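Here is the structure we will look at.
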Amino acid sequence: MPLVVVKYGTPALRQKGARIESITPAIKKLAADMLETMYIYKGVGLAAQQVSVARQLTVIDVRGVTDRPSSLELNGQPADVAGFMPLVLINPEVKAVGEPATGPEGCLSFPEIYADITRPDVVDVKALDLEGKPVEFRCGGLLARVVQHELDHLNGILFIDRMDRKTKEELRPELEDLMAETKAALNQ
């Protein structure tokens with residue numbers, strides 16, 4: 001069932017997600033609903049906070065992006081990114097291993113707002129999958145960027161928090177408009 005993606009200004013976006021201690025049928029349904037919602041909105045990642053659930057759960061699928069490559073290593077060996085999608089990551093931990101790289105980012109909670117964000121270009125990821133099994137991989141390119149963007153969401157951090165001051169200042173009118181629209185909707 002599709003969920004509502006909340007917009008900038010919704011308090012849930014600033015909440016740190018609680019760890020998931022057991023993978024219940026409700027968690028599995030949430031993950032399935034989040035994947036469906038992400039595909040409907042044509043996104044590549046969606047965190048639980050973006051659907052007003054403060055838990056450590058994110059879904060990712062970068063298969064639809066052909067102009068920004070991703071890399072994946074499993075057990076130190078190159079692996080097929082497409083064959084690893086969609087990803088459901090529970091309680092993820094990320095460790096930067098690459099150099100800082102600047103690239104474009106958007107966010108389903110910030111429609112039509114994009115900016116260049118600097119993040120490590122390669123990261124190591126540890127998480128649980130939807131069966132509760134440990135998942136470990138190294139990723140680069142777009143997949144690394146998406147994993148880090150979604151992990152930020154799970155900690156109540158938004159991509160505007162990663163923007164340089166000049167970019168944020170340039171986007172201020174759009175951000176203020178979005179915040180006002182969200183607050184008005186929340187007050188109805």
Of all residues in region 8-27 being over 18 Å from the mean Cα position of the chain (by Cα) and assigned to a helix (DSSP H, G or I), which is nearest to Leu57 (Cα to Cα)? Ala26
Residues being of a type outside the set (Gly, Ala, Ser) and either more than 24 Å from Arg172 (Cα to Cα) or exposed (fewer than 14 other Cβ atoms within 10 Å of the Cβ) (or both) - total across region 94-110: 7
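Quick one: is Val146 assigned to a helix (DSSP H, G or I), buried (at least 18 other Cβ atoms within 10 Å of the Cβ), aliphatic (A, V, I, L, M) and in contact (Cβ under 8 Å) with a residue 12 or more places away in the chain?
On the way: assigned to a helix (DSSP H, G or I): yes; buried (at least 18 other Cβ atoms within 10 Å of the Cβ): yes; aliphatic (A, V, I, L, M): yes; in contact (Cβ under 8 Å) with a residue 12 or more places away in the chain: yes.
So Val146 passes the test.
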Just to be sure, is Arg63 touching a Leu at 6+ places or on another chain (Cβ under 7 Å) and assigned to a loop (DSSP other than H, G, I, E, B)? no
Any residue in region 173-184 that's closer than 15 Å to Leu158 by Cα: show its pairings with residues that are in a helix (DSSP H, G or I) at Cβ separation under 9 Å, as long as the two are six or more apart or on different chains. Leu175/Ile160; Leu175/Lys168
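Pick out the one residue from Glu131, Glu181 that is of a type in the set (D, E, K, R), surrounded by 12 or more Cβ atoms within 10 Å (Cβ to Cβ) and not in a strand (DSSP E or B). Let's see the steps before the verdict.
Values: Glu131 fails: surrounded by 12 or more Cβ atoms within 10 Å (Cβ to Cβ).
From the options Glu131, Glu181, the qualifying one is Glu181.
No value in this document is a laboratory result; all are computed from the given coordinates. All figures in this text were calculated on a predicted structure; none of them were measured in a lab. Here the Cβ is made from the backbone with ideal geometry for all residues, glycine too, and neighbour counts use every protein chain on show.
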